[in-house]
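Peer 1: Okay, handing you the structure first.
The values are calculated or read from the model by the stated rules, or taken from the named source; none is laboratory data. Since this is a predicted model, take the numbers as computed values, not measurements. Here the Cβ positions follow ideal geometry from the backbone for every residue, glycine too, while neighbour counts run over all protein chains shown. We work out accessible area using only protein heavy atoms, side chains counted, and drop any ligands, DNA or RNA first. Shrake-Rupley method; radii C 1.70, N 1.55, O 1.52, S 1.80 Å.
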Amino acid sequence: MEATAKVMHVRISPRKVKIVLDLIRNKPAGEAMAILRHTPKAASEHLIKLLTSAVANAENNFSMDHEKLYVSSCMVTPGPTLKRMMPRAQGRGDRILKRTSHITLTVSEKE
């Protein structure tokens, strides 16, 4: 049995989120939370909320024991990209791509 939590349209690049997700994959939920709290990355803030939500879903919707939960899978996919223009020399404009992410985190119970 698995419990999932998703967050969509997070204004952070998927590449930056993936670095932090690799730290917590297949870790117990308590240890993953400790890792996230002490990781100085912008993605950690969003992932703390997401992990808290996934654990709450597991406890309330599926009656799982929070002591036995671990991060069974976590992934990030690119969301819509915001296109912006930055003025440059001689009347030109450069395109700035502001990337967004869709993050999915799944917790399961250890056997």
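Peer 1: Just to be sure, is M85 open to solvent by 100 Å² or more (accessible area, probe 1.4 Å) and closer than 30 Å to I24 by Cβ? Show your work before the answer.
Peer 2: On the way: open to solvent by 100 Å² or more (accessible area, probe 1.4 Å): yes; closer than 30 Å to I24 by Cβ: no.
Taking the combined requirement at face value, the residue does not satisfy it.
Peer 1: Quick one: is I12 under 11 Å from the mean Cα position of the chain (by Cα), within 30 Å of K83 (Cα to Cα), open to solvent by 70 Å² or more (accessible area, probe 1.4 Å) and modelled with pLDDT of 95 or more?
Peer 2: So I12 does not fit the description; no.
Peer 1: Output the number of the condition that G91 fails; it satisfies all remaining conditions of (1) farther than 17 Å from K6 by Cα; (2) open to solvent by 90 Å² or more (accessible area, probe 1.4 Å); (3) of a type outside the set (A, V, I, L, M).
Peer 2: (2) is the only condition that G91 fails.
Peer 1: Which residue, of M64, M33, is touching a residue at least 60 places away in the same chain (Cβ under 8 Å) and open to solvent by less than 80 Å² (accessible area, probe 1.4 Å)? Spell out the reasoning first.
Peer 2: Details: M33 fails: touching a residue at least 60 places away in the same chain (Cβ under 8 Å).
Within the list M64, M33, the selection yields M64.
Peer 1: Residues being under 18 Å from V76 (Cα atoms) and open to solvent by 70 Å² or more (accessible area, probe 1.4 Å): count how many of those fall in segment 36-51.
Peer 2: Counting residues in segment 36-51 that are under 18 Å from V76 (Cα atoms) and open to solvent by 70 Å² or more (accessible area, probe 1.4 Å) gives 5.
Peer 1: If you go through segment 52-64 one residue at a time, do you hit one that is touching a helix residue (DSSP H, G or I) at 6+ places or on another chain (Cβ under 9 Å), among the hydroxyl-bearing types (S, T, Y) and modelled with pLDDT of 95 or more?
Peer 2: Of segment 52-64, the ones touching a helix residue (DSSP H, G or I) at 6+ places or on another chain (Cβ under 9 Å) are 52, 54-55, 58, 64.
The next check asks that each one be among the hydroxyl-bearing types (S, T, Y); those that pass are 52.
Keeping just the survivors that are modelled with pLDDT of 95 or more gives 52.
Scanning segment 52-64, I find at least one residue that is touching a helix residue (DSSP H, G or I) at 6+ places or on another chain (Cβ under 9 Å), among the hydroxyl-bearing types (S, T, Y) and modelled with pLDDT of 95 or more, so the answer is yes.
Peer 1: Mind checking which residues of segment 67-82 are open to solvent by 90 Å² or more (accessible area, probe 1.4 Å) and closer than 21 Å to V20 by Cβ? Steps first, please.
Peer 2: Step one: filter segment 67-82 for residues open to solvent by 90 Å² or more (accessible area, probe 1.4 Å), giving 67-68, 75, 78.
Across segment 67-82, the qualifying residues are M75, P78.
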